[in-house]
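Worksheet for the structure shown next.
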Amino acid sequence: MNKIPYGRQHIDQKDIDAVVSTLQSDYLTQGPKVREFESKFAEYVGSNYSVAVNNATSGLHLSVLALNLSKGDRVITTPITFAASANCIRYVGAEVWFADIDPDTFLLDINSVKELIESKPRGFFKGIIPVDFAGLPVNMEDFRAIADDHNLWIIEDACHAPGGYFIDSKSEKNFCGNGSYADIGVFSFHPVKHIACGEGGMLTTNSKELYDKLMLLRTHGITKENMLDNHGNWYYEMQELGFNYRLTDFQSALGITQLAKNNKGVERRNQISLAYKKALEGKVKFQDLPNDRYNAHHLFIIEVENRKGLYDFLHSKGILAQIHYVPVHTMPYYKNIGYIHADLKHAEKYYSKCISLPMYPTLSNEEQSYVIKNVLEFISNE
């Protein structure tokens, strides 16, 4: 059997044809496919606006800039995430404050966040960045209530969760990144994610003001709208110091065809999750699934006592399980700026036991059975 990765892209002939067609068109970048992708993505998640970017890290950077985060400000996020969720705060010289995770859902714990906020004077914090970790949606309505009480903004890091949703108190389905409760949502199109563009990302918002700011910052701060002067049709103005964080048209063409398959892909991911749970129930700990959530399952994570042993055993069998993630506050950079003594016991306990099993739509039943067989073999010999 070939090696089985923890995640991988699925590119079919429709994807290839869409990319080739765009490569043969007049626009490789700054053309109609970008706008089409943005429009279709906004419709998919239910937001008013979408802004395509070259990757989710750039998207996080633009998001904090659009929300006027600056040096000395403070933002709360989770330590169990990819480093970019925290790094975007540091890019503008602001301070990262980590709150602990819920030991059952592995998500940013709302009670830990509330306790941290209420331990400081009003105005101490500027925002919160919850993460829909592994594909499990955060209940953004609950976080919105805290944010509104303390005049904070919210960036929803939904990189793991296109197609995931939670049910709010009005019994309404809220897809990750729909903008109903978060100010900005951020998505990733890295190949191991649901929608593969090689690299790429998308920002979503329901605010016209934020949309305009994101669009301006994405393209050098240059615009042909609301100009102070006009020398002719060629004229443009750089109104702010922006960046080149654009997505290309051929990547957008791939994103459009990938997006069209996402619902089916998420359904398959949930089938794989159920099969894992049925086979491993009572033998390992799973990420909890609250009744009001639909998990998009970027990852399938279990907790075991001998994580290193299981990791090495699976790799020896060609099963490329992975660890998500090393807690951000334990990284040398963050230790060096003062996080060495952070009290985040649930995050650190989770890290000592977590391991991600293969999870992607094209994982075959035979491959999954092989994974399960080897996990059970290791556990039975412990």
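Read the figures in this text as sums done on the coordinates, not as results from a lab. Source: prediction; values computed, not measured. Because the Cβ atoms are built from the backbone with ideal geometry, glycine has one as well, and the counts that use them run over all protein chains shown.
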(request) Hey, can you grab everything whose amide H is under 5 Å from the amide H of Gln322? Only 5+ residues off in sequence or another chain; H modelled, so Pro and N-termini drop out. (result) Ser356
(request) State which entries of Lys40/Lys170; Lys126/Lys353; Lys283/Lys335; Lys173/Lys345; Lys264/Lys373; Lys317/Lys353 exceed 30 angstrom in Cα-Cα distance in the structure shown. (result) Lys126/Lys353; Lys283/Lys335; Lys173/Lys345
(request) On a C-alpha basis, how far is the centre of region 272-308 from the centre of region 245-263 in Å? Whole number, if you could? (result) 29 Å
(request) Find out how many positive minus negative residues lie around Ser369, taking Lys and Arg as positive, Asp and Glu as negative, among other residues whose Cβ is under 14 Å from that of Ser369. (result) 0
(message) Quick check: net charge around Tyr211, other residues with Cβ under 12 Å of its Cβ, Lys/Arg +1 and Asp/Glu -1?
(response) -1
(request) Evaluate the relative contact order of region 262-380 (contact order divided by residue number), counting alpha-carbon pairs under 8 angstrom at least 6 apart; express in whole percent. (result) 36 percent
(request) State the Cα centre-to-centre distance between region 18-55 and region 119-174 in whole Å. (result) 27 Å
(request) List, in order, the whole-Hz ³J(HN,Hα) value for each residue of region 100-105 obtained from phi through the Karplus relation with A = 6.51, B = -1.76, C = 1.60 and θ = phi - 60°; use x for Gly and Pro. (result) 6, 9, 6, x, 9, 8
(message) Quick check of the Kirkwood formula: for region 32-128, what is the inverse mean of 1/r over all pairs of different Cα atoms, in Å?
(response) 15.1 Å
(request) For region 166-171, just list the computed ³J(HN,Hα) in residue order, Karplus coefficients 6.51, -1.76 and 1.60, θ = phi - 60°, integers in Hz, with x standing in for Gly and Pro. (result) 10, 9, 8, 5, 9, 6
(message) Can you list residues from other chains, or at least 5 along the same chain, whose modelled amide H is less than 5 Å from the amide H of Ile101?
(response) Asp109, His346, Ala347
(message) Give me, ordered by chain and number, the residues 5 or more places off Met359 or on other chains with an amide H under 5 Å from its own placed amide H.
(response) Gly7
(request) May I ask for the Kirkwood hydrodynamic radius of region 165-272, worked out over all distinct Cα pairs and given in angstroms to one decimal? (result) 16.5 Å
(message) Please compute, for the alpha-carbon atoms of the chain, the extent along each of the three principal axes and give them in descending order in Å.
(response) 77, 57, 44
(request) Choose one answer from Ser58, Ser188, Ser352: the residue with the largest mean-square fluctuation in a GNM of the chain with alpha-carbon springs under 10 Å. (result) Ser352
(message) Test of understanding: in a Gaussian network model of the chain with alpha carbons linked when under 10 Å, which of Leu320, Leu60, Leu136 would top the mean-square fluctuation ranking?
(response) Leu320
(message) What Kirkwood Rh does region 196-330 have if only Cα atoms enter the pairwise 1/r average? Answer in Å.
(response) 19.9 Å
(request) For every other residue with a beta carbon closer than 15 angstrom to the beta carbon of Asn54, add +1 if it is Lys or Arg and -1 if Asp or Glu, then tell me the sum. (result) +1
